Every structure is written in structure tokens, then in C-alpha cells.
Amino acid sequence: MGLALFGSDNGEDNGLEEYEEIVWLVKKAEGGTIYHAAVEFATPDYDGTYEDGTYIIVSSVTIGAPFYDGCMVADNANFNPLATSDDGSCAEAYSIGCMDEASVNYAGVGANPTHNDAENLNNVFGQNQSINLSTGDLSPSGVAANFSDDSYCQTQVDGCMDPMAINYDPLATQNTIDCDWSLNGMELYDVDENGNILATDYNFGAVAPENENDGILGSDFDNANILFQDGSLDPDAHVIANLASVMEWIDADEIADSLELDSTITWWDAAYTHNDTTWRNRYNDTLDAVAIWFEADETADSLELDSTIKWWERHYFVNDSTWSADFDTMEVYKDSVIRVTNDSLDYHRAPIEIDLHTQWNTIAYYLQHESSVILQFENQFGTELNVANNINIVKNNEGKFYWPDFAYDGLGMLVPGQGYQVRVKDSSDGKSDFIFEHSIDADAYRTLNPTVPQWAIDMPVDVHPNDVRSLIRVVNMLGQEVNPAEQFKGEVLLYMYNDGTVEKKMVQ
């Protein structure tokens, strides 16, 4: 059939432009599905484009995959994985990033991070990524985010960032609160040069007793004048009297030391009791504060965990729905491909029926493998006898032939792509649905035993005059015809016969 293709008018898009590629599609009558088509041309040197006034001949049309219009760019929101023709509907490409303007690393339109701790401080859109919806691969987008993903966001937290302080906040991103190093309310205490806690700082309510030791010191034995100066010893008294005075002095000093020791022990016992109570209270306060902090931190962690779980559940649900839809689409595409493949296989597997009519037929052997000519014809006519009753002869271009009447097979195998001449007997009705059976291959072969019919054996044999050998002439070595009886003895003569033979004889 003829098909007219029109060119476009000047300035109007109502036809084909000169040298525009011609796209071939095939719409099946059943179901109305449109397929790509591969076209081969019989016109020499034709390149498949439109040329005004050109007539071309199409030699074959092969149906391909289904035809779909749509966006074929995989990183666009409206990407259609089934599309085989881009219809120009592709929208803006995905750019996934943080679109929460309260976040430190906001990376949407107009983003300008200034916080020193911002992850994108020197590369505003460096964290944003594009996704290939066909493979799932991520790659840097380099442009402002247009698809929000909270997992990309860096939340800014004010607080004390010193881990040694009471009010240390591990989630803080900047130090905006004064840090408290008082260790949960504990005070700093001043001590004197001997290490004693000063009452004004300690706030115990009593002054630590001073050392009033007036007893004998090590230096007193080196300088006895001290004892004489304070009247403890009398230089004019008898030594026994001085010893008695020393003993009294020692006894008095011991009593004073004992009283001082008892006072010191009483004071330190009270101080210890008060200090122990104070430290216990502060220790308990510290434990309570730490417990409250841990409880608050655990609550915050729990809330963050719940938020993370909810986000992932929502993200998984969205992804699951998306991939489920994509999977359903791919299933439809797979079914379509399988259907097209099966249609193509059924088309190519379907045998070609040949109308073998009376007298001579020229047929092509269209299978892709060799097969026995005997088995192919017996498969169609049933038996070897039926083949002989219907077929005179089958021969190829080289003159080799299969002669059923005499069980002679000179062809052997039918060769793919070869043509054969088949003579159907005049007494036969032929066969309108003759096919070559695909299941018969080169491994199936049968050898015939040729026979000579009795009528050929009984035919009379005509004797031709040339069949009787006779002498035509005798010539000498010079080629002259001679009479052997008249030649001299010993001459060599040539005897020439009607069957083309020559005998050389010597005259006796």
C-alpha cells in the first residue's frame, strides 16, 4: 500500500521539515497498543529522513517495544521509567537538603549561613543532593534545596559548652549561657598558714583554738635562762629545790597540755560533725541534681528517639509507597515486554503454509536448521508410499534430486535459505497446507534403498550401428590410405575403426 508524507508549509508546524527523521510506529488493531517499529528500505542510499518529492520503497517493518511519551530524565519528579519518547514534560530536578529556616545549615533559596558552627558555612549548597529515581544513586546537586529532608538539618542550641561546668549542655552548638563552676553549690574555703579553716569562711560559729603551749620546748634545754627569767628556777637555791620547781612546772604544763588537748579534741569533734552533715547534705544535693539532669537528658533522648522513629516510619512509608507504585509500573512494563516477546516468538515460530499444486512448484526451505528431505515429505503425506503417489521429484539448483518412485535420495538434507523445485504428479491433488516441521532436525535421518523397476529391466535394448565395431581405413605413417596386401613386409600401418579407436600393426 502507498503512504503519503507531507512537508510543512512555510512558517507553520503542520508537516515534516526537510531532512527531519521519520519516526515509525505501529498500532495493533487488537487492544490499540502502539509499538516502536524498525523499518528497512529497499531504496538504495536512503537514510530515513524526509525529502520533498522523494519516493521510497519499504522492504520490511519489525515491531519493537511499546511506545510511551513522558519525562525520561531520571532525577526529575515526574520521571516516567516506561517512557521511550521524551515529551518535554520534565520539571525541575530534585535537590534534597535542609529547608528548615530555623536550622543552622538552612540550604534553600536565599540561604546565607553565618554561624561559625554551620556545616555549610563555606559551601552553602554543598550538602544538597540529587537522586536518580531509576537507580536510587545520590549525587551532589550544587543548587538550592527544593525537596526537604529533616535529616539534613543542623539544629542550633544555645547553652554552656564546658563539660566541667554544672550547667554543661552536650547538645549546645554555641556558648550563649554563663557557665557555673560552683560544683552544685559548694563554697570555696580559705585556710590559714597552718591549714586551719578560718571561722569567717567556714561559718561554724566558733573560732578554732589557738596553740597556747607554754611547756618545755626543745630550745628550752639549750637556753636555761628562760627558766630562770620566768622564776621557775632560782640560781641561789639548792639543786634539789630547783628540781622540785621543775617538776611542779612540768606537772602544771602537763595539766595545761591535757586541757588544751581536750579542748582541741572537743572542737574538732564538733567541727567534724558539722562538716560531715554539711558535706552529706551537699553530696545528696549533688546526687539529686545529677539524677534530675539524667532524667531530663533521658526524657530528651526519648523524645528525640520517638521523633526519629516517627520520621523514619514516615520516610519508609513514603518510600515504600513510591517504590510500590514504581514496582507496579515495572510489573506492567514487564508484562507488556513478555507479551510482546511472546507475540514475536509466536509470529516467528508459526509455520509458513505452502500451496503445492499439480505439476511444477518452486518453494523455499525457511527453517533455520538442516533436516531430512525424506522425513519432511513423509511427515506431510503420511508414508513413503503416499509421497511416491503424490510427488514425481524434488531437486535443487545443482541438479541433485529426491526420486520417491525409486526410493532414491540424492538430496539428503534440506539447507536453510535454499530453494527447491517440486514436481507434483498430475494424478495428485497436491497439498495446499504443506509446511516444513520445526521439530525434525539434522539428527533425524533415514537412508533409502534405491530400486530399479521391473519395466526398466524388461525394456528391449536397441542396437545402434555404431555399437558394431568396423574398420574404416588403413593408413601408413604419412597418413596415406593404403592396401595392407600391397605394402612391403615390416611396414607399420595404422588401422582406424568406427568407434574412434586406432590399432598399430606391422605388415607380416
Scanning the range 94-128 for residues that are open to solvent by less than 40 Å² (accessible area, probe 1.4 Å) and either touching a Phe, Trp or Tyr at 6+ places or on another chain (Cβ under 6 Å) or under 30 Å from residue 35 (Cβ atoms) (or both) gives 96, 97, 98, 107
Here is a check on your reading of the model: is residue 355 closer than 30 Å to residue 150 by Cβ, within 54 Å of the chain's Cα centre (by Cα) and touching a residue at least 40 places away in the same chain (Cβ under 8 Å)?
no
Confirm whether residue 311 is of a type in the set (Phe, Trp, Tyr), at pLDDT below 90, part of a helix (DSSP H, G or I) and within 30 Å of residue 66 (Cα to Cα).
no
Report yes if some residue within the range 27-37 is open to solvent by less than 90 Å² (accessible area, probe 1.4 Å), basic (Lys, Arg) and closer than 30 Å to residue 337 by Cα; otherwise report no.
yes
When you go through 139, 182 one by one, which is the residue that is open to solvent by less than 60 Å² (accessible area, probe 1.4 Å), modelled with pLDDT of 90 or more and either farther than 30 Å from residue 264 by Cβ or assigned to a loop (DSSP other than H, G, I, E, B) (or both)?
139
Give the residues of the range 255-283 that are aliphatic (A, V, I, L, M) and at pLDDT 80 or above, sorted by residue number.
255, 256, 259, 261, 265
Please find, among 412, 399, 382, 417, the residue that is open to solvent by less than 30 Å² (accessible area, probe 1.4 Å) and either at positive phi or not hydrophobic (A, V, I, L, M, F, W, C) (or both).
412
The lone condition residue 131 fails out of (1) over 28 Å from residue 323 (Cβ atoms); (2) without any contact (Cβ under 8 Å) to a residue 60 or more places away in the chain; (3) open to solvent by less than 50 Å² (accessible area, probe 1.4 Å) is (1)
Among the residues of the range 63-83, how many are open to solvent by 30 Å² or more (accessible area, probe 1.4 Å), within 21 Å of residue 28 (Cα to Cα), in a loop (DSSP other than H, G, I, E, B) and hydrophobic (A, V, I, L, M, F, W, C)?
1
Top-ranked residue in the range 18-61 [being in a strand (DSSP E or B), free of Cβ contacts under 8 Å to residues at least 40 places away in the same chain and among the aliphatic types (A, V, I, L, M); ranked as nearest to residue 335 (Cα to Cα)]:
34
First in the range 98-118 and free of Cβ contacts under 8 Å to residues at least 60 places away in the same chain, second anywhere and assigned to a strand (DSSP E or B) and surrounded by 13 or more Cβ atoms within 10 Å (Cβ to Cβ), Cβ under 7 Å, 6 or more apart:
99/148; 103/155; 107/97; 117/174
Tell me, please, whether a residue that is more than 30 Å from residue 361 (Cβ to Cβ), exposed (fewer than 13 other Cβ atoms within 10 Å of the Cβ) and at pLDDT 90 or above can be found in the range 494-501.
yes
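Conditions (1) open to solvent by 70 Å² or more (accessible area, probe 1.4 Å); (2) outside any loop (DSSP other than H, G, I, E, B), marked per residue:
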{"site": "394", "(1), (2)": "no, yes"}
{"site": "421", "(1), (2)": "yes, yes"}
{"site": "436", "(1), (2)": "no, no"}
{"site": "448", "(1), (2)": "no, no"}
Residue check, residue 416 against (1) assigned to a loop (DSSP other than H, G, I, E, B); (2) closer than 27 Å to residue 358 by Cα; (3) at pLDDT below 90, all met but one. Which one?
(3)
Report whether or not residue 326 is assigned to a helix (DSSP H, G or I) and either under 30 Å from residue 83 (Cβ atoms) or aliphatic (A, V, I, L, M) (or both).
yes
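The values are calculated or read from the model by the stated rules, or taken from the named source; none is laboratory data. As the structure is a prediction and not an experimental result, all values here were calculated from the model. Because the Cβ atoms are built from the backbone with ideal geometry, glycine has one as well, and the counts that use them run over all protein chains shown. What goes into the accessible areas is simple: the full protein's heavy atoms, side chains included, and nothing from ligands, DNA or RNA. Shrake-Rupley method; radii C 1.70, N 1.55, O 1.52, S 1.80 Å.
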